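Beneath this line is the structure, given in structure tokens, with notes to follow.
The values are calculated or read from the model by the stated rules, or taken from the named source; none is laboratory data. All values derive from a computational prediction rather than experimental measurement. Every residue, glycine as well, gets a Cβ built from its backbone with ideal geometry; the counts of neighbours run over all protein chains shown.
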Amino acid sequence: MNSSNLLSITTFVYGLAAFLYIFSWIFKKPAPGILATWTAILGLAGNTAGIIMRWVESYWLGIGHAPLSNLYESLIFYSWTIILIYLVIEKRYKNRIIGAFTTPLAFLALAYASLSPNIDDRIQPLIPALKSNWLIAHVITCFVGYAAFAIAFGISFMYLLKQRENEHKGLLLDHFPEPNVLDELTHQMVVFGFLFLSIGIITGAVWANSAWGRYWGWDPKETWSLITWFVYATLLHARMMRGWHGKRIAYLSIAGFTAVLFTYFGVNLLPGLHSYG
Amino acid sequence: MYHSWWFRFLLLLLTTNIIVCSIDRLSATWKIIFVKIPPFNISRFRNLSNKEEFKDNRSPEILKKIYEPFISKSFSYIKSEQTDKGFYIFAEKRRWTRLGVYTIHLSIVLMLLGGLIGSIFGFEGFVNIPEGEKKESIQIRNTNKIHKLDFEIRCDDFNLSFYDSGAPKEYRSSLTILENGKPVVQKDIIVNDPLHYKGINLFQSSYGVLPSKEFVINFMSKESGMNYKKKAMIGQEMKIPEDMGTFVIKDYMNSYNFMGHNIGETLIGILTPNNIDPAKIILPLRYPNFDKMRKGNFAISVADYKPRYYTGLQVTKDPGVWVVYSGFIMIIIGCFIAFFMSHQRLFIEVERGGKKCKVMVAGTSNKNKLRMKDNLKEIAKNLAGLT
Ligand code: HEM
């Protein structure tokens, strides 16, 4: 068993957890929900072990480095962070329906990493540009930010469903958290993600300056991360200055996550220094 | 783009905008933030929906003695007053966190300012230095301008290494800085580990191969089967062993296209056998058996050569970088203050009512109101349990 196999298995565990959360929500059965939580915890353990094993394996290959160096490894860390943040929220807010809207994202990220034929899961040695401690700081902070935005996206989506309740009475929405809780939770996740995205962009800039002598070069990924940052800065201003709440914030949060996805995946189609993901 | 006038103008405009906007707001906020005695409005707190209530058997006098030290442990400002039926305590903390947003805006101003300083007083250029040579002028990027440095850079050595997979592992240049011809600094630089000297930074950014000047050419005679190795210089005619004529290397090419394939670095030579017309000979460095295809009297190949590298250095000067970096640090601190810390006000009122006292705990926070609700519950629970 190597880390890639373990992470493939973890993909299915996350898939099962996501399925159980959705099942428990739709059929209003608490038992599968509890099972879902334990499945998610099991998946998180597998994901953690996979990351550590991959780290160790890279040392066996004589090219030891933290597993944060390419698209495959970033996706693994991404799904790990999403599940971790979600489990903290579940514990704090004691609501499992949020899991039905967030754990599928972690499952999709890991499934994309494990199953896509375009993604290479071999452990590669670091090219000279990546040999820097800034790599670790930069990738971790960016992906913690992205993960918080992913969860904000899931919760914003729930908000939009919930606030339509008045028009379409839907029984599925009964056990949703109250709209103001969803709104507040979205805000908290955005704020958390914004702080980490800011640090991510900053560590990237400091790194670029130590490798190429410029902290900003309008590389497509840099430009798009700045656009993403501006979308969320707009959201925060709208909320703090204009007192925007609820629906409009939810739409902005969804727009922000679209920008995140483009920064993460779309930009790889363009040439630049970040083509590794 | 960095150095165009409109970019600088835009930066300046944005900077002015934030400064004007922030000063405008700050002048109002400042008075609110820096007050000796924070004002507060009792009836506003009494009417808050955000409150907790419980009953206590003890008298207001005793409760006051217990509550005050407890509250002043976690609140920086505390004030209490007697009322007709008991007393109230007003407390608050972190009023200064209202400055968090201004820290953020100021940090953005610093970053823009740093960018402006870099764009006006800095430069970004590059220079290619062959191994063993020195340069004192660099080319400014995206223009044809040459910039003369007040020192020389010598490349003593350039090395590159590869992983087994063929991916590059390391580019390393050994550089020496010379002042008036005397070496003052020596350092090996690699990607991510530049050389800083007199505010100028030298980064490893590229490399290239230069035609080497000397080659060892091997002649393999078909007749005798003998191999003859001879040193050759570009352009220098040489005699072929066994009196077979003459050979001269005409040219070195970094890449050569042979029947639609790129066969890499290649020497082009002219072979002049005795009494026969000269012929063009192609000697790809990577394929020593190439010339056997010609089926001549002897096969020629390149037995040895030493590639000469040049290192490509990015040369920059950016006196604004520390201004930008202080902006970076400030924005992180500012975001932390603005998002995770709040100005909290607490109001506790104790009223005698029959045998028991009624205790009311209310409060506001300028951010994160849900969290404040939990805080109030926690405080009420703690107060009820205090002895
Ligand atoms: C970390 C990001 C930011 C946060 C958290 C933030 C927060 C805020 C807040 C809370 C206010 C209201 C100030 C008050 O009530 O006194 C404000 C106003 C303002 N912000 Fe930001 N800001 C951020 C970034 C930016 C950026 C990037 C810009 C522009 C490039 C900007 C431009 C402005 C302007 C012009 C105002 C004043 C608007 C007015 O006074 O009418 N901010 N910001």
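Miscellaneous remarks
- So B:ILE177, is it surrounded by 12 or more Cβ atoms within 10 Å (Cβ to Cβ), assigned to a strand (DSSP E or B), of a type in the set (A, V, I, L, M, F, W, C) and within 14 Å of chain A (Cβ to nearest Cβ): no
- Filter result for B:GLY296 (within 13 Å of another protein chain (Cβ to nearest Cβ) and either more than 16 Å from the ligand (Cβ to nearest atom) or in contact with a Ser or Thr (Cβ under 6 Å, 6 or more places away or on another chain) (or both)): no
- Criterion: part of a helix (DSSP H, G or I) and farther than 27 Å from B:GLU378 by Cβ - qualifying residue of B:ILE71, B:ILE62, B:ILE66, B:ILE108: B:ILE108
- Inspection of segment B:238-253 identifies no residue that is under 19 Å from B:PRO307 (Cβ atoms), assigned by TED's automatic domain parsing to the domain that holds B:ASP291 and assigned to a loop (DSSP other than H, G, I, E, B).
- When the strands (runs of 3 or more DSSP E) confined to segment B:299-387 are screened for residues that are closer than 30 Å to B:GLY269 by Cβ, those reaching at least 3 such residues are found at B:308-317.
- In segment A:209-242, the residues that are within 13 Å of chain B (Cβ to nearest Cβ) and within 14 Å of the ligand (Cβ to nearest atom): A:LEU226, A:TRP229, A:PHE230, A:TYR232, A:ALA233, A:LEU235, A:LEU236, A:HIS237, A:ARG239, A:MET240, A:MET241
- Scanning segment A:112-160 for residues that are of a type in the set (Asp, Glu) and away from chain B (no Cβ under 12 Å) gives a single hit, A:ASP121.
- Matching residues, segment B:1-28, being away from the ligand (no atom under 16 Å from the Cβ), within 14 Å of chain A (Cβ to nearest Cβ) and of a type in the set (Phe, Trp, Tyr): B:TYR2
- Pick from segment A:178-208, criterion more than 8 Å from chain B (Cβ to nearest Cβ) and of a type in the set (D, E, K, R), ranking: farthest from A:ILE249 (Cα to Cα): A:GLU178
- Selection status of B:LYS31, out of contact with any strand residue (DSSP E or B) (no Cβ under 8 Å at 6 or more places or on another chain), away from chain A (no Cβ under 14 Å), charged (D, E, K, R) and away from the ligand (no atom under 16 Å from the Cβ): no
- Single match in B:ASN57, B:ASN41, B:ASN50 (criterion: more than 16 Å from the ligand (Cβ to nearest atom), without any contact (Cβ under 8 Å) to a residue 40 or more places away in the chain and more than 37 Å from the chain's Cα centre (by Cα)): B:ASN41
- Pair list, Cβ under 8 Å, 6 or more apart: segment A:219-243 residue assigned by TED's automatic domain parsing to the domain that holds A:ASN209, other residue within 8 Å of the ligand (Cβ to nearest atom) and aromatic (Phe, Trp, Tyr): A:TRP229/A:PHE194; A:TYR232/A:PHE194; A:ALA233/A:PHE194; A:LEU236/A:PHE194
- Residues that are part of a helix (DSSP H, G or I) and away from the ligand (no atom under 13 Å from the Cβ), drawn from segment B:114-149: B:GLY114, B:LEU116, B:ILE117, B:GLY118, B:SER119, B:ILE120, B:PHE121
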